[in-house]
1. I'd like the Kirkwood hydrodynamic radius of the chain, using the inverse of the mean 1/r over distinct C-alpha pairs, in Å.
2. At 1.4 Å probe size, what's the solvent-accessible area of residue 275? Round to the nearest 10 Å².
3. What does the helix-only formula give at 222 nm for the chain: each DSSP H stretch with n ≥ 4 adding -39500 (n - 2.57), the total divided by the residues, and the result rounded to the nearest 500 deg cm²/dmol?
4. What order do 291, 326, 104 take when sorted by accessible area (1.4 Å probe), most exposed first?
5. Just to be sure I understand the model, the point goes 7 Å from the Cα along the line to the Cβ. What's the resulting residue 129 to residue 287 distance in nm?
6. Note down the net charge around residue 275, summing +1 for each Lys or Arg and -1 for each Asp or Glu among other residues with Cβ under 15 Å from its Cβ.
7. Take residue 202 and residue 162, extend 7 Å from each Cα along the Cα→Cβ direction, and tell me the distance between the two endpoints in nm.
8. Using a Gaussian network model on the chain with a 10 Å cutoff between Cα atoms, which of 184, 281, 156 fluctuates the most?
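The values are calculated or read from the model by the stated rules, or taken from the named source; none is laboratory data. Note that the coordinates shown come from a computational prediction; the quantities given were computed from them, not determined experimentally. Reconstructed Cβ throughout: ideal geometry from the backbone, glycine too, with neighbour counts over all protein chains shown. These area figures cover heavy atoms from the full protein model, side chains too; ligands, DNA and RNA do not enter into them. Shrake-Rupley method; radii C 1.70, N 1.55, O 1.52, S 1.80 Å.
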Amino acid sequence: MLCELLIEEMPARVQVGAEAAFLNAITQGLQANGLNFATTESLSTPRRLAVIVKGLPSVQADTREERKGPRVDAPAQAIQGFLKSVELDKDDLEIRDTPKGQVYFAVIEKQGQATAAVLPDIVNTAIGAIAWDKSMRFADYSFRFVRPLQRIIAVFDGQVVQGALPLGNNKTLAYTDKTLGHRFMSTGDIGVTADIYQAALEKAHVIADRTIRTQHILDDLCSQATAKGVQLITDEGLLDEVVGLVEMPVVLMGDIPEEFMQLPKEVLTTSLREHQKFFVFETADGTLAPYFATVANIKASDGGEAIIRGNQKVLYARLSDSVFFYD
């Protein structure tokens, strides 16, 4: 089973929590419906939350449940309440001898439904279970979400799950098996299933696995730093944030103008980190190196030269402010 929520740019700060909440809600829904599974996996990018579940049966198991009711000579009101709770007629009950006398028992047998028929309720409930610190309405729907929900990809056993999410005002968002790749480097719909999901997105310039994106950024930062004879100043908080801003990370390095290197290290690094989301480097003796690195979300045709020039232009203005306020 694959379920992906295609969203309009989630804030970076909410992605980890939303990914965990969505996975937890899906697995709880499956377990509550008697659907065991082998493995689960969750994925997230700025534009998507996804859960992959493998090893689901095609049909729920049949169930048989016994419920003990009131004594045969109990008041009629008590017996009627029991019948209502088990949704049976009096003729359907069994009478059994117990140490406390004859007692009614209900035997409830349910035939398992097809898994595909159960999934829509599980998916819709899981979507509603994600708690956002802030949510919004969009279009003319009463449905609220962190950002506009563009598509729901729900696929089981290679087929689209037949379902839809109610959005309010008699509007629904039907499930599909077609997702989208990178916003700028990919065009057209992409058909996906659980087995090919990550590979299909990678061809469309999206690294769906947050852990892989993190390592990709870290490896590129370190390799480019080594090439310039410096080393990365580790900043896990910034790394976590940047991972939530890109689907296809491309690390680009630029120069810090020499005139700003006289600023105290703390002033310079804080300005670069807080305002520009830049990574910084140091030399072997701990001196701040005159380089910064930014993580773009696109593979530019010029190798990123225009992106670096644009960042350096903004950087000059930002650090000029830093100099003014520091002085």
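1. Details: mean 1/r = 0.0419 Å⁻¹.
About 23.9 Å for the chain.
2. The value for residue 275 is about 100 Å².
3. Numbers: 8 runs with 111 residues, N = 327.
Result for the chain, helices only: -11000 deg cm²/dmol.
4. Working: 291 50, 326 130, 104 15 Å².
I get 326, 291, 104, largest accessible area first.
5. Label-label distance for residue 129 and residue 287, simple model: 5.7 nm.
6. Details: positive: 273, 277, 313, 318; negative: 235, 241, 266, 274, 321.
Overall, the nearby charge balance is -1.
7. Taking the simple label geometry, residue 202 and residue 162 are separated by 3.5 nm.
8. Among 184, 281, 156, the largest GNM mean-square fluctuation belongs to 184.
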